[in-house]
Amino acid sequence: MEEASTSASGKTAAHGRQRAFPPARSGVFYRFTQQNLPAWKPAMTPGCVITIFLVIGVTFVPVGLVCLHASNHVAEIVHRYDIDCVPNAYKRNKQAYIKNSSISKNCTQEVKVKYHMRAPIYVYYELDNFYQNHRRYVKSRSDKQLRYGQKHTDSSCGPIERNDGLPVVPCGLIAWSLFNDTYGFTRGSTEVKVNRKNISWKSDQESKFGKDVYPFNFQNGSLIGGGRLDPDLPLSEQEDLIVWMRTAALPQFRKLYGVIEEDLHVDETIIMHIENNYNTYSFGGKKSLILTTSSWLGGKNDFLGYAYLGTGSLSLFLTILFALIHVKNPRPHNDSNYLSWNRLNSNS
Amino acid sequence: MKRFVYINDEYQNDYCDNRISNTKYTLLNFLPKNLWEQFRRFMNQYFLLIACLQLWSLITPVNPASTWGPLIFIFAVSATKEAWDDYNRYISDKQVNEMEIWIVKNGARKHIQAQDIRVGNIVWIRENEEVPCDLVLIGTSEPQGICHVETAALDGEIDLKTRVIPSSCVGLDHEQLHKIKGVIECPNPDKDIRRFDANIRLFPPFIDNDICPLTINNTLLQSCYLRNTEWACGVAVYTGNETKLGMSRGVPEPKLTAMDAMIDKLTGAIFLFQIAVVVVLGSAGNIWKDTEARKQWYVKYDDDEPWYQILVIPLRFELLCSIMIPISIKVSLDFVKSLYAKFIEWDEEMYDHETDTPAHAANTAISEDLGQVEYILTDKTGTLTENKMIFRRCCIGGVFYGNESGDALRDVELLNAVANNSPHVIKFLTVMTLCNTVVPIKSPSGAILYKAQSQDEDALVNAASNLHMVLVSKNGSNAEIHFNRRVVQYDILDILEFTSDRKRMSIVVSDCQSGKIFLLSKGADEAIIPCAYSEQRIKTFVDAVDKYAQLGLRTLCLGWRELESDEYLEWSRSFKEANSALIDREWKVAEVCQKLEHSLEILGVSAIEDRLQAGVPETIEILRQSGINFWMLTGDKQSTAIQIALLCNLISSEPKGQLLHINGRTEDEVARSLERVLLTTRITTSEPKDLAFVVDGWALEIILSHYNEAFTELAVLSKTAICCRVTPSQKAQLVKLLKSCDYRTLAIGDGGNDVRMIQQADIGVGISGREGLQAARAADYSIGKFRFLKRLILVHGRYSYNRTAFLSQYSFYKSLLICFIQILFSFLSGIAGTSLFNSVSLMAYNVFYTSIPVLTAVLDKDLSEKTVMQNPEILLYCQAGRLLNPSTFAGWFGRSLYHAIVVFVITIHAYANEKSEMEELSMVALSGSILLQAFVVTLEMNSFTFVQLLAIWGNFVAFYVINFLISIIPSAGMYTIMFRLCRQPTYWVTLLLISGVGMGPILALKYFRYTYKPSAINILQKAERSGGPMYTLVNLESQLRSDVENTNISISTTPVKNKNSVYEPLLTESPIISTRRSLVSSSFDIFQPAQSRTTSSYPRNIKAN
């Protein structure tokens, strides 16, 4: 940008008696009191604005291409199973199916691997139309209790705070509605091992969930929400719970279920053994199972790439447009003629 | 109604003691009283309501601390400031209260503290001591029974005033003063420091039982200093907070700037918008809850809920949206406003080296109004002129002196006449010397100094002494004059004081040698000439007055009469009677004076010059160019006023300008005259003529009471007015009239007669000049010289307006930005009122992240001071409120909506699926907002000092530092989040995208406007920054383009007056003329052909579009 530094106007500060304030007649503070600090006054010349847009365009387009490239190299299998897993007899009344505990919830689905997937392959479950960010839901937890045990149960957990007069550990709606579908994978006849360890944040395990806090009085009420917990494992090792309790900000979200540590090959058929326990039918939620690899940008997400490309090309377009306008209709930069009062005067 | 003070008898009254208390609070009531005061503001009530609602955990979206924290902080800041001020007041009170004072108790002198003085005590004061309470003087060290006091603390006048003891107390010695008994009858405490209508009666054995009148001249008022007198003693009549000083203390009405009013209006609009959002989202939320959320078993809504559940969601949204109204705006504005005031006080260029006074801003809250002034009402004497009176000419007995040389004191004829003892001249000089209230003080070196209350009297006495008639001493009733080495003694019998109604003063003296009694009078021509004896030919004097007035000189007529002793004795009795009246004394005294002041022999006319202050014409020129209308209100006579107006560029003579007179003695005449003037004005508005009207006090009185409407129309149409012979209350009335038409008025004056106008105006500016500090004290700003006014308005006022405009709108922008994100998020969270941001972030966003960078806007300068001075028309942008109004505000509103959408949409898409973790996503959105606001501040500022750069980008760094710090606290919700984010490439890629998409269109739009639809400010910026010459004046004509589309600026130019339009009678020796000439001929030539205004566009009209 063009620079026009104002120098201190040579003020004749020598005369006059010394006043109590300002103390010194030079120095930064004095110039501050006279509103006369050296200042950088950028001017919005066509040259520099056009350059800015050119720079934006020239950087954004390649960044967009890189992002798209990264996203395209992620291999992803998305399989929605919540409808397919309902037996035909219950297709019209899915809620009856899910609420009836005598019906076996086991379900087997097949997917075909389209691209070669290099380990590690992440297994996510995706819920859609599930509001983990609902005001009532997101607040219903007690971080203190999770860390320090049942003595620290507080009222923030309502409505799942106590049961039969005893505190519930872990309390609150979030824990109560723990997701409890389970997945297993086989290819051909061999089982594909899913590593279910270290799927949660280390920091959560270490400092958010207590090592000596055990589930207590959990899912013992008249209304049972989601999954149960192993009462003999401390909360810090209940990784499914820890993952679940990191609430999602959007109604469509994925949570890590495990990691497959072997490659999946093109055209292989993977058989998914799903235990379809979790009730999303009452509110029309969708459940999907996702197998995906990862890039430096994370999972498959074309948004950033396209957004960068769009912004970059728009800015290149503006560069050309402004340049053309400037060439066709140049404005002298210091023309006080445009001042209406000057113009008025000169016209008459 | 009355109070009876028994001298030396303190047990007989229950008046308050002399403890002075200026404090507002006590230790006990500080908290409740201060809170009560603070909660009288609507904004504070609103914030308190929000904070209270947040205590209900069911509805609060965030921790209540996020509102309580800032709220308590803001309250603590104001409370601390109040407490500090009050503590300082307490300390200074304490000092005064514990001052050691001598009083008489039980016949003996005793030392007590000032606070223990009771009404009726006799108080002794020594030289240079401060008077502790209001006293009635009963004894002094001077044998004549006088003493001198300095009343600067009371009325700001620095001359010494003479106080005399009442006649019945004259001659009492120490012993008697210790035992004196008596009663003083005085009115109840009031705040009039010019009146004290009381009387005193001493009990036997002291003299007699006569009632003796008391006036203000018999008092020593609190806070005065005793000077030139060894000691004085007096009876305490008013004590503590009931003294004249204590009573006149008052809290002035706080003034609200136009800008504050606009901000309040916008706040109101935002509040309504907020209510609308709450209602819409609240009902949507309730509907969604009943249709969708009940199916969501994991939310576990109860089927039967208490009735108030229907309010929960709307109230949650209310709390969520409460940040729309930025809690920090009040604190930020207070801060920058006090800085503006400091800048004014610090300004070297407004520092008057002559008198060593810096500019002072007594009211720190109204700097922005300076930039929006539309009318300036100015006093003449002492404001436009120097108030340095010099005796220039005189006309004695029909002979004009000083006409050739312009200085009568050097006129050989006059000197000869003095040497020849010409009787007329001697009489004239005697009146000049005696008819005044001047106090001569002999300095140790033998020279005589005159202490005068009136500059005119000072000039007359000094002139007389130059003509060998020297007032040597004045001791009470005795005056000694040396004339041509002869000593003449006079007894001063009575003083018929000057009042603004009487417009004359007289003095009765007797010649000690001959015993003859004379009445000497001086005063305004219309007050003296009608009193001439019937045979005298007054025509020469009337001519002289006219002639002198045309030269811009101040005239006084001098007259005298010899009195018969019978006549005098008879009159003297009635005068005494009137003087001791308790009711309507002033009026009664005037009545009695009237009886004596007749059949005068008019001796002559004196003419005193009051020079224009340096820089006055240029200042008026520039300010008028900037679209400010000038009214001159003066107590002087019409011809003098017009002359001064011509001299200082206020009006121009034919044919450039036209002066319309409104005059008349009767209602009908005035009405006709007004109608004629109004008609002419209506017709002439389209012509390039400089129209002004002149009205005098008499006609104004009739107009203001009967033809207010027509006059208002005239006031709106005409840019210049001269009102002469106006009283202080009429000045205030005129200000009120302009204010009622919604104009921003600035009143500037220097004397006590301007105080009411200064207090009435939106902005009062006082000149700390020779007439004392009264005006400066009452004013919002005080400056040393009139010429500083242009800097005060064009530089300080304009910058303040621009900066506040940016700062306030920006405050709303950043609050709305975060609020819109919350609203957008609510659509993805089941319209249940979940907050995306955590409490800490929300609080810190308003208090730290966004408020500190913008505070540095106080250093922003859109144009350099020089450019503004060269193009004063640019002030119109401030005057018409172009930078802060609903449409600019809509721009900021739109920008915050756009930015909220950009931040939100990009964040939720970039952080979708497996990344959609609440804490992370919220921090991404917050970082995006912070980044955008830093760019917005950068883009909107015009000049960057290192302070701004440091604040803007240092703040951005501080954001990360703070969040890193929070991220290492394990119990915080944000634990590890910031580290996690900073390691993700996605985070940085997202932020870059947000800033590109957020700022690109704004930069493009701004650039397009700046280059192809530039405002006048932009054009000047370009001219200034290109570094070239500001004006290419010479080839302006050739560069003229007709195709410029620039219709959005229609500035009414004030046609510049012709340089020939100014008479140059007596100011030839003043440097002003020559500088003004060169100014006009050089840089203003460009404006010369400007005389055709195409439209009659007044600022008023522009305001509308």
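Every number in this text was worked out from the coordinates using simple rules, so none of it is lab data. Note that the structure is a prediction, hence the values are computed from the model and not measured. Glycine also receives a Cβ, built like all others from the backbone with ideal geometry; neighbour counts cover every protein chain displayed.
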In deg cm²/dmol, rounded to 500, what helix-only [θ] at 222 nm does chain B give when every DSSP H run of at least 4 residues adds -39500 (n - 2.57) and the total is split over its residues?
-> -14000 deg cm²/dmol
First select every other residue whose beta carbon is under 14 angstrom from the beta carbon of B:SER443; then total the charges, Lys and Arg +1, Asp and Glu -1.
-> +3
Farthest toward positive dipole pole in chain A [+1 Lys/Arg, -1 Asp/Glu at C-beta], among A:HIS79, A:SER102, A:MET272 = A:HIS79
Place +1 on the Cβ of every Lys and Arg and -1 on the Cβ of every Asp and Glu in region A:110-194, take the dipole about the Cα centre, and give the residue among A:GLY158, A:VAL194, A:TYR122 whose Cα lies farthest towards its positive end.
-> A:TYR122
Are any of the pairs A:LYS202/A:LYS287; B:LYS2/B:LYS516; B:LYS2/B:LYS380; A:LYS114/B:LYS295 more than 29 Å apart by Cα-Cα distance, and if so, which?
-> B:LYS2/B:LYS516; B:LYS2/B:LYS380; A:LYS114/B:LYS295
Counting sequence-distant residues (5 or more places) and residues on other chains, those with an amide H built under 5 Å from that of B:ASN629 are B:TYR375, B:ILE376
Please report the relative contact order for region B:1-120, taking Cα pairs under 8 Å with a sequence separation of at least 6, and give it as a percent rounded to a whole number.
-> 42
Please give every one of the lysines within straight-line cross-link reach of B:LYS342, meaning a C-alpha to C-alpha distance under 17 Å, and leave out same-chain neighbours fewer than 8 residues apart.
-> B:LYS81, B:LYS861
Charge sum, other residues only, whose C-beta stays under 13 Å from B:ALA284's C-beta, Lys/Arg counted +1 and Asp/Glu -1 = 0
What's the FRET efficiency of B:ASN403 with B:GLU564 using the Cβ-Cβ distance as r and R₀ = 56 Å, to the nearest 0.05?
-> 0.90
Expected unfolding gain across B:SER574-B:LEU704 under the 0.36 nm per residue rule, minus the alpha-carbon gap, is 43.1 nm
Compute the acute angle (0 to 90°) between the alpha-carbon long axis of helix B:65-97 and the principal axis of greatest extent of the alpha-carbon atoms of chain B; round to the nearest 10°.
-> 20
Restricting attention to region B:521-579, which trypsin sites (Lys or Arg not before Pro) occupy a DSSP loop and are surrounded by at most 15 other Cβ atoms within 10 Å?
-> B:ARG537
Given unit charges at Cβ for Lys, Arg (+) and Asp, Glu (-), the dipole magnitude of region B:15-156 about its Cα centre in debye, nearest 20, is 640
Cβ density ranking, 10 Å radius, fewest first, applied to B:THR430, B:THR681 yields B:THR681, B:THR430
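Between Rg and the Kirkwood Rh of the protein assembly as shown, both from Cα atoms, what is the Rg to Rh ratio?
On the way: Rg = 42.6 Å, Rh = 38.6 Å.
On the Cα set of the protein assembly as shown, Rg over Rh gives 1.10.
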Cβ-based exposure ranking for B:ARG41, A:ARG136, B:ARG798, A:ARG80, in which fewest neighbours within 10 Å come first | B:ARG41, A:ARG80, A:ARG136, B:ARG798
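For region B:665-754, what class follows from the C-alpha gyration tensor (a ≥ b ≥ c being the square roots of its eigenvalues): rounded when a/c is under 1.5, otherwise prolate if a/b is larger than b/c, else oblate?
oblate
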Length-normalised contact order of chain B, Cα under 8 Å, at least 6 apart, in percent, tallies to 11
Could you give the angle, 0 to 90 degrees to the nearest 10, between helix B:42-54's Cα long axis and the longest principal axis of the Cα atoms of chain B?
-> 30
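Calculated FRET efficiency, A:ARG228 and B:ARG983, Cβ-Cβ r, R0 51 Å, to nearest 0.05?
Values: r = 35 Å, r/R0 = 0.69.
After rounding to 0.05, the efficiency reads 0.90.
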At 7 Å along the Cα-to-beta-carbon direction for both B:ARG194 and B:VAL961, put a label point, then send me their distance in nm to one decimal.
-> 6.1
Per DSSP, the loop-located GluC sites (Glu not before Pro) within region B:19-104 having at most 14 other beta carbons within 10 Å are B:GLU98
Note to self: C-alpha centroids of region B:412-490 and region B:803-817 sit apart, in Å, by 66
Which whole-Hz couplings ³J(HN,Hα) result when phi for each residue of region B:997-1014 is put into the Karplus expression 6.51 cos²θ - 1.76 cosθ + 1.60, θ = phi - 60°, listed in order with x for Gly and Pro?
-> 5, x, 8, x, x, 5, 5, 4, 5, 5, 4, 4, 4, 4, 8, 10, 10, x
Per the rule of 0.36 nm per residue minus the C-alpha distance, extending B:THR499 to B:ASN241 adds in nm 90.0 nm
Region B:955-1020 to region B:634-700: how many Å between their Cα centroids?
-> 60
Calc'd 3J(HN,Hα), region A:158-169, phi into Karplus 6.51 cos²θ - 1.76 cosθ + 1.60 (θ = phi - 60°), Hz, glycine/Pro = x, comes to x, x, 9, 10, 9, 9, 6, x, 9, x, 9, 10
Quick one: which residues, 5 or more positions from B:VAL399 or on another chain, have an amide H under 5 Å from its amide H? H modelled 1.01 Å from N in the peptide plane, none for Pro or chain starts.
-> none
Packing-based exposure ordering (other Cβ within 10 Å, fewest first) of B:ILE495, B:ILE908, B:ILE793 = B:ILE495, B:ILE908, B:ILE793
Straight-line reach from B:LYS656: which lysines have a Cα under 16 Å away, not including same-chain ones fewer than 8 places off?
-> B:LYS689, B:LYS719, B:LYS1057, B:LYS1059
Kindly list the residues of region B:45-68 that lie in the label zone of B:LEU31, defined by a backbone N under 19 Å from the point 7 Å along the Cα-to-C-beta vector.
-> B:48, B:52, B:68
On a 0 to 90 degree scale, rounded to 10, what angle separates helix A:46-72 from the longest Cα axis of chain A?
-> 10
Per the helix-only model, chain A has a calculated mean residue ellipticity at 222 nm (DSSP H runs of ≥4, -39500 (n - 2.57) each, divided over all residues, rounded to the nearest 500) of -8500 deg cm²/dmol
Cα-based reach from A:LYS112 at 16 Å (exclusive), listing lysines while leaving out same-chain residues under 8 positions away = none
³J(HN,Hα) across region A:228-243 via Karplus (A = 6.51, B = -1.76, C = 1.60, θ = phi - 60°), whole Hz, x for Gly/Pro?
-> 9, 10, 6, x, 9, 9, x, 4, 5, 9, 8, 5, 4, 5, 4, 4
